[in-house]
Amino acid sequence: MQKRNHYNKIEDFLADESFQKWVREGKEREHWEEWTVENPQRAKLVAEARLWVLATRVPEPTLSSSEVAAALQASRDKIKSIEKGTAVPSIPLWRRTGWRSIAAVLVLGLALGWLFKRQTLTQDTLTYTELINQDTQGLIEQANNTHKPQLITLSDGSSVLLQPKSKLSYPKSFEGDERKVYLSGEGFFEISKNPKKPFFVFANEIVTKVIGTSFRVKAYTDQPDVEIVVRTGKVNVSSNQAISQLNNETVQLLPNQGVRFTRKTLIFEKITDLTREKPDAQSITAIEQLSFEFSDVPVAQILKTIEQAYLVEIDYPQEKLKDCYLTTSLSDQPLPEKLKIICESLGNTTRYEMNGNRITILSEGCN
């Protein structure tokens, strides 16, 4: 049956006895359905071939071969007359012999075509693999196969806290006038501000566009919904271009707002009060709950807050920094920017080094 991998026209399917049995009798259903969904590009061709097979189940019309040929020629003439702007007299359909049989075939074909197209559009969903295959840049993929979140720092200074059983694909460096990453699973994003270079997160059927903000995206391939929740800033959420012809709605989210996109129905449901959404509240991470507004707070306490939020380990000279206090706002900043602000506030002798989930603060003390 692997010959079907080479089918590229309707006639190939019509000549396949196995395909006809699947459509007419439901035999070998699993084999054909699995094969079809493996590559969504096959769906359109399979749908058209199904229509041809199903249409032939209507009882044969009582028309002679000459009458059928005449009807086809009349149709061609009608098309030509429309193109030329001239009228061709035609016999009313209800006076023609066998019109009921022809109508039955046409109506069945149109109805099945609409139903199958609708079924294909609602069931064939975009996946992480399909999205990254469409990207022409060389992408780096990082998968979190552990039981705790992993921190990813991007080339522009943005940071992503990637949850377990999740994957993120991103370029080594962002070229051009856009920044694009691809998510499968769940991640909390803090985006480095750059109004001239917007940041896009592609997750299944949803695209989240930001300039600089923090938000969470939950988009597991095997789950029916995609969720976006904004902590700071503002984002625009819309359908991926591949399905925008069905749903071109754009939802703007402000702090503490979220949206849920149902993949089966292609419908957005905006969440304006997250405190009433128990499923979302249960999945909120520490980074979304902790405050990064500090007023005359010990540096050690600030670093402890960062450790809790990002699940990282920070080594620093405790004795040299024990009498250092800071007043600063670190909200709406990715982790590298937070660390940079802290180091600059402590003085020229302070800097940081980052290696995965381990951070080292090098300092001679505060000025």
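The values are calculated or read from the model by the stated rules, or taken from the named source; none is laboratory data. No experiment lies behind these values; they were computed from the predicted model shown. Positions of Cβ are backbone-derived with ideal geometry, glycine not excepted, and every protein chain shown enters the neighbour counts. Just the protein is used for accessible areas: all its heavy atoms, side chains included, with ligands, DNA and RNA removed. Shrake-Rupley method; radii C 1.70, N 1.55, O 1.52, S 1.80 Å.
Quick notes on this one:
- Single residue of segment 329-343 satisfying the filter (over 32 Å from the mean Cα position of the chain (by Cα) and assigned to a helix (DSSP H, G or I)) that is surrounded by the most Cβ atoms within 10 Å (Cβ to Cβ): ILE342
- If you go through segment 287-328 and pick out every residue that is among the acidic types (Asp, Glu) and closer than 19 Å to ILE152 by Cβ, you end up with 3.
- Check on LEU326, open to solvent by less than 30 Å² (accessible area, probe 1.4 Å) and not in a strand (DSSP E or B): no
- Condition met for LEU151 (closer than 21 Å to GLN223 by Cβ and among the aliphatic types (A, V, I, L, M)): no
- Test: residue in segment 264-276 that is modelled with pLDDT under 85, open to solvent by less than 80 Å² (accessible area, probe 1.4 Å) and either in a helix (DSSP H, G or I) or within 25 Å of LEU162 (Cβ to Cβ) (or both): yes
- Subset of segment 197-240 [among the basic types (Lys, Arg), surrounded by 19 or more Cβ atoms within 10 Å (Cβ to Cβ) and under 18 Å from PRO334 (Cβ atoms)]: ARG216, ARG231
- Per-region count, segment 284-323, residues within 21 Å of LEU362 (Cα to Cα) and not in a helix (DSSP H, G or I): 11
- Candidate set: segment 6-42, residues that are loosely packed, with under 11 Cβ neighbours inside 10 Å and part of a helix (DSSP H, G or I); chosen: the one modelled with the highest pLDDT: GLU17
- Residues of segment 279-311 classified as surrounded by 15 or more Cβ atoms within 10 Å (Cβ to Cβ), among the polar types (S, T, N, Q), in contact with a strand residue (DSSP E or B) (Cβ under 7 Å, 6 or more places away or on another chain) and at pLDDT 75 or above, total: 0
- Residue in segment 179-191 that is over 14 Å from VAL160 (Cα atoms), open to solvent by 10 Å² or more (accessible area, probe 1.4 Å) and basic (Lys, Arg) present: no
- A Cβ distance below 6 Å, combined with a sequence gap of six or more or placement on separate chains, defines the contacts here; from segment 346-365, residues that are in a strand (DSSP E or B) reach residues that are modelled with pLDDT under 90 in the pairs ILE359/VAL312.
- Residue ID - farthest from ASN194 (Cα to Cα), chosen from residues in segment 355-365 that are open to solvent by less than 60 Å² (accessible area, probe 1.4 Å) and modelled with pLDDT under 90: GLY365
- Every test in (1) under 18 Å from GLU337 (Cα atoms); (2) more than 18 Å from the chain's Cα centre (by Cα) is passed by VAL160 save one, and that test is (2).
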